[in-house]
Amino acid sequence: MDGAERFLSDAAARGLDVDVVERPAARSLEEAAAILGITPGDIVKSLVVKHRDGSFLFALIPGDRQISWPKLRALVGVNKLSLPHADVALAATGYERGTITPLGSTTPWPVYADATIAGRRISMGAGAHGRSAFVDADALTEALGAVVADISEPN
């Protein structure tokens, strides 16, 4: 099963209503937002974060914001977290950079979502290049059992 199929299968199993759209390749987040007719803040990045112990978590961060490492470390209760190399993220999730999503990940890592995504419809990776998914953020975080908290800061 490829990444796009894993994404759709997991979303369906969780009862999530997702709309997947095909789009041309984008060279930047801003270009992707323009193609989709939304703002960069409406695109939520699914970032793979590595613990010192070798486990991982997903951080869902709006495109116009970045991870606040002090906030995330405090919430997780650790003193070191990092973004792994692309090959490590692929091994941990089954997804290449640019397609990563917690839905359909080959390992169901814990999910931490920034509170600013709450109460709106967002776009996110759909498991394959050239595809974006639209989903209600509250339904997504509930379906994933995500911890929703203040874990970001402006870019």
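Where a number appears in this text, it was derived from the coordinates with a stated rule and is not lab data. Predicted model only: the values in this text are computed from it and were never measured. Ideal geometry is used to build each Cβ from the backbone, glycine not excepted, and the neighbour counts take in all protein chains shown.
Local charge for Arg131 was computed over the other residues whose Cβ lies under 10 Å away, with Lys and Arg +1 and Asp and Glu -1, and equals 0.
In terms of its alpha-carbon gyration tensor, segment 1-86 comes out oblate; a/c meets the 1.5 threshold, while b/c is at least as large as a/b.
Projecting the Cα atoms of Leu57, Val147, Leu81 onto the dipole axis of segment 3-154, where Lys and Arg carry +1 and Asp and Glu carry -1 at the beta carbon, places Leu81 farthest toward the positive end. Charging the Cβ of each Asp and Glu at -1 and of each Lys and Arg at +1, and nothing else, the dipole of the chain about its Cα centre rounds to 480 debye.
Electrostatic bookkeeping for Ala4 treats Lys and Arg as +1 and Asp and Glu as -1; over the other residues with beta carbon under 15 Å from its beta carbon, the sum is -3. Taking Lys and Arg as +1 and Asp and Glu as -1, the other residues whose beta-carbon sits under 15 Å from that of Gly63 total +1. Among Gly54, Gly119, Gly130, the largest mean-square fluctuation in a Gaussian network model of the chain, built with springs joining Cα atoms closer than 10 Å, belongs to Gly54. All Cα-Cα separations within segment 3-154 were binned at 5 Å from zero, giving a P(r) of 2, 10, 21, 24, 23, 15, 5, 1, 0, each value a whole percent of the pairs.
List Ser68, Ser105, Ser9 from most exposed to least, where exposure is judged by having the fewest other Cβ atoms within 10 Å.
Ser9, Ser68, Ser105
Over the residues of the chain, the helix contribution to mean residue ellipticity at 222 nm works out to -7500 deg cm²/dmol, using -39500 (n - 2.57) for each DSSP H run of at least 4. Stretching Lys80 away from Leu29 to a fully extended chain increases their span by 15.6 nm, per 0.36 nm per residue minus the current alpha-carbon distance. Ordered by the count of other Cβ atoms within 10 Å of each Cβ, fewest first, Thr106, Thr116 give Thr106, Thr116.
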